[in-house]
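A.B. asks: Pasting in a structure now, in structure tokens, and then I'll have a few things to ask.
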Amino acid sequence: MALQLQCWVPPSPDQIDLRTWNKIIKRQVIEGNTKGAFLTYQQMQQTGIFTPDNFTFPVLLKAASNLSNPRLGLALHAQIAKTPFDNHMLVQTSLLNMYSSIQRTDEARKVFDSMESKDTVAWNSMLDAYVSSGNLDFALKLFRFMPKRDLFSLNIMLSGYANLGNMDSAKAVFDEIPVKNLISWNSMILACGNYGDMEEARRVFDEMPERDVISWNTLLGAYLNNKMSDEVILLFYKMKDEDIIPPDYLTVTTALSACADLGSLEKGREIHIYALEKRLTSSMHVTTSLIDMYAKCGCLESFLIVFCKSQVRDVFCWNALLSGLAIHGYGVIALKVFDEMLQRTKPDDVTFIALLNACSHSGLVKEGQTLFNSMEIKYNVTPKIEHYGCLVDLLGRAGCLEHAYKVIDEMPFRPGKSILGALLGACVNHRDVVIGEKVVKILLQSYGDNGLNDGDYMMVSNLYASCECWHEADRWRAMMNDSGIVKTAGLSSITIGNRVHNFLAGNFDFEFS
């Protein structure tokens, strides 16, 4: 619902009481008209007759939390401190929740400690503040000190461990819950998924006495995050065919992401048709996933049509379009699209990753360098290690190997394997053993012999082989063999029905997943 900037205007101050003002403000907050609620609050104060009470402040603090506006929340706290409601439990709990929503756990703890009496809601609010900010150590201390725990307390701790993938601790809390609700079960699935134990995640899912759409989406997301995209497709069709809990926009988004990973155009189109039938394509999440899926499946026309038909385009939608153009080598068009994007929305860090990749795949060296240099100055986007990696790849592909090495040497980050691998690959393609050996030296200094994988060994061996340094090429292959590392076999896949079948190169026996 769009925010309405208009606020309710009373006929005259003497025709409305404080209770009615509070109802109006609360209704506006519930409807999502947060700005209108604060304008109404200002009007109430301007009457000079009414002052906010213990019903007004919690509603306004909730509104400030929804906006995630620190300055607004602090201003409200300053006003509350001047009223008799500074020690009211409901107001204090609302303050605690507000500080939690803006990630100010220290301020939340000060409010908590200042409370003369604390009910279970207040304890849970503070516990949730620690868990939401990732302070599990503080959360555990508070949890152990709680005079009384309820289901909500246990679920908060369970979700905290689940987000960290700490399955043992999550299981301990899960087993402690006498009567588990949906949140308990869903959190346990998440814990298993984040830990990487998908067999256990599926067992928990199958044992659930009841499920909601979050249960399905949590398991689907876990499969996707664990690179089991074929299982995502199977589970999506199982959910759809059971027709008990209908897939929502997040379900479709996850399934489309799996299709993109697998390059499964057929399934992607089927899911697109389903989304159209269920009117889920109005979601920006679905639109972005459709663009990404069609781009990765090689359908340039399809992802352009999806973008053009989308009625609302956020930065994620534009980024998906730019990434799709980059994949297909349309660097010049991507830069033109970027100019159009700037007229409608602000770019973010992902925007520049897409643009730099587009320049890299199209050989637009000067344009890519200009974009990189203008990120922070012109667009207030600080370059991350991913942007430096894109720049190195751009320069490496163009044969500017000394310049690319200088970027690695001077960047404010420790070079990761992906950046070093990009430059090493460029050295192989351009047969530059001098720069290549410098990169190998950094690899060995950073990771040592034990830190190299089969791809690293093969890349170095190929570098020497490309420059006809056969002795060194053989030496690196021998080093790989002596370390017990085996080159990963190539993997291909075919889709039959709803299942993806994988098989290894050089192996006549199919390996089914």
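The values are calculated or read from the model by the stated rules, or taken from the named source; none is laboratory data. Note that the structure is a prediction, hence the values are computed from the model and not measured. Positions of Cβ are backbone-derived with ideal geometry, glycine not excepted, and every protein chain shown enters the neighbour counts. Quick note on the areas: whole protein, heavy atoms, side chains included, nothing else; ligands and nucleic acids left out. Shrake-Rupley method; radii C 1.70, N 1.55, O 1.52, S 1.80 Å.
A.B. asks: For region 132-236, run through the GluC sites (Glu not before Pro) and keep only the ones in DSSP coil with at most 11 other Cβ atoms within 10 Å of their Cβ.
C.D. replies: GLU210
A.B. asks: Could you please state how large a percent of the accessible area of the chain is carbon and sulfur, counting protein chains only and using a 1.4 Å probe?
C.D. replies: Carbon with sulfur: 52 percent of the solvent-accessible area.
A.B. asks: If the only charges are +1 at each Lys and Arg Cβ and -1 at each Asp and Glu Cβ, what is the size of the charge dipole of region 237-288 around the Cα centre, to the nearest 20 debye?
C.D. replies: Approximately 120 debye in magnitude.
A.B. asks: Then there's this: Show me, for region 145-152, the HN-Hα J-couplings you get by feeding each phi into the Karplus relation (A = 6.51, B = -1.76, C = 1.60, θ = phi - 60°), rounded to Hz, glycine and proline as x.
C.D. replies: Rounded to whole hertz, the list is 8, 4, x, 8, 10, 10, 4, 5.
A.B. asks: Something else: At q = 0.10, 0.11, 0.12, 0.15 Å⁻¹, what is the base-10 log of I(q)/I(0) for region 264-421 according to the Debye formula with one equal point scatterer per Cα and no solvent? Please give it to two decimals.
C.D. replies: Listed by q, the Debye log ratios stand at -0.39, -0.47, -0.55, -0.80.
A.B. asks: Given 0.36 nm per residue, what is the gain on full extension from GLU266 to LYS406 after removing their alpha carbon distance, in nm?
C.D. replies: Here the segment from GLU266 to LYS406 would lengthen by 45.9 nm.
A.B. asks: Moving on to the next point. Please work out the average accessible area per residue across the chain, using the 1.4 Å probe convention, and give it in Å².
C.D. replies: Ligands and nucleic acids excluded, the result is 52 Å² per residue.
A.B. asks: Past the 25 Å Cα-Cα mark, which pairs from LYS141/LYS180; LYS227/LYS296; LYS26/LYS309; LYS62/LYS141; LYS238/LYS267?
C.D. replies: LYS26/LYS309; LYS62/LYS141
A.B. asks: Under the rule of -39500 (n - 2.57) per DSSP H run of 4 or more residues, summed and divided by the residues of the chain, what mean residue ellipticity at 222 nm is obtained, to the nearest 500 deg cm²/dmol?
C.D. replies: After summing the helix terms and dividing by the residues of the chain, the value is -21500 deg cm²/dmol.
A.B. asks: Each label point is 7 Å from the Cα along the Cα-to-Cβ direction; what then is the distance between the points at ASP119 and LYS441, in nm?
C.D. replies: Here the modelled spin labels are 6.9 nm apart.
A.B. asks: With label points built 7 Å along Cα→Cβ from the Cα atoms of TYR379 and ASP86, find their separation and express it in nm.
C.D. replies: With each label placed 7 Å out from Cα toward Cβ, I get 4.8 nm.
A.B. asks: Region 433-473 to region 270-285: how many Å between their Cα centroids?
C.D. replies: 47
A.B. asks: Another one. For region 163-173, in order, what is each residue's ³J(HN,Hα) by Karplus, 6.51 cos²θ - 1.76 cosθ + 1.60 with θ = phi - 60°, in whole Hz (x at glycine and Pro)?
C.D. replies: For region 163-173, the Karplus-derived couplings read 5, 8, x, 7, 6, 5, 5, 4, 5, 5, 5 Hz, x marking Gly and Pro.
A.B. asks: With a point put 7 Å past each Cα toward its Cβ, work out how far ALA478 is from GLN343 in nm, to one decimal.
C.D. replies: 6.5
A.B. asks: Kindly write out, for region 401-418 in residue order, the coupling ³J(HN,Hα) from the Karplus curve 6.51 cos²θ - 1.76 cosθ + 1.60 (θ = phi - 60°), rounded to whole Hz, with x marking Gly and Pro.
C.D. replies: In residue order, the calculated couplings are 6, 5, 5, 5, 5, 5, 4, 5, 5, 9, 6, x, 10, 6, x, x, 5, 5 Hz.
A.B. asks: Also, quick follow-up: Using a Debye calculation, one point per C-alpha and no hydration shell, please list log10 I(q)/I(0) for the chain at q = 0.06, 0.12, 0.13 Å⁻¹ in order.
C.D. replies: -0.42, -1.38, -1.44
A.B. asks: Please give every one of the lysines within straight-line cross-link reach of LYS406, meaning a C-alpha to C-alpha distance under 24 Å, and leave out same-chain neighbours fewer than 8 residues apart.
C.D. replies: Within the straight-line cut-off, LYS406 pairs with LYS366, LYS378, LYS384, LYS417, LYS438, LYS441.
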